Amino acid sequence: MKALTAALTAVRETPRRIADGWLDPVRRKHNISFLIETCLPVYVVTWSIWKTALVYLLRFVLYEWCLEPFGTARNPIFSTGRYMERGPREDERFVRP
């Protein structure tokens, strides 16, 4: 039950998390680099903007709504590590929480 509540909370907080990610200058830079790292190879392989967008959306849903809330990021066997958002580097600081 606790994992389901965490998943529903992740879905509910998605708009705020996306806004935080694009309004914070450091996170925005990280998001842009992540988009390039993810979407460019998929586009080169598929030659389709729609397939590229679908892959990115499915990856977002899988990691943010399924793996992270159910604790697989903390599980040493099924660890996913950092994926959608990188932490700040030594000389960086997030402005938004």
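Annotations for the structure displayed:
- Per-pair calculated FRET efficiency, R0 = 22 Å: PHE94 and ALA10 via Cβ, rounded to 0.05: 0.70
- As a calculated quantity, the FRET efficiency between LEU40 and ILE18 at R0 = 22 Å, using C-beta atoms, amounts to about 0.60.
- Around LEU4: net Lys/Arg minus Asp/Glu count, Cβ-Cβ under 14 Å: +1
- Positive end of the dipole of the range 1-48 (Cβ unit charges, origin at the Cα centre): among ALA19, LEU35, THR46, the Cα lying farthest that way belongs to ALA19.
- Sum of side-chain charges, LEU57 neighbourhood, beta-carbon under 13 Å (Lys, Arg +1; Asp, Glu -1): +1
- Among TYR63, TYR43, the ranking by other beta carbons within 10 Å of each residue's beta carbon, starting with the fewest, stands as TYR43, TYR63.
- Karplus-derived HN-Hα couplings along the range 27-40 (A = 6.51, B = -1.76, C = 1.60, θ = phi - 60°), whole Hz, x at Gly and Pro: 5, 4, 4, 5, 5, 5, 5, 5, 4, 5, 5, 8, 7, 4
- In this simple spin-label model, placing a label point 7 Å from the Cα along the Cα-to-Cβ direction at both VAL61 and TRP47 gives a separation of 2.7 nm.
Taken together, the values in this text are just the output of simple stated rules run on the coordinates, not laboratory data. Note that the coordinates shown come from a computational prediction; the quantities given were computed from them, not determined experimentally. All Cβ positions, even for glycine, are placed from backbone atoms using ideal geometry, and neighbour counts span all protein chains on display.
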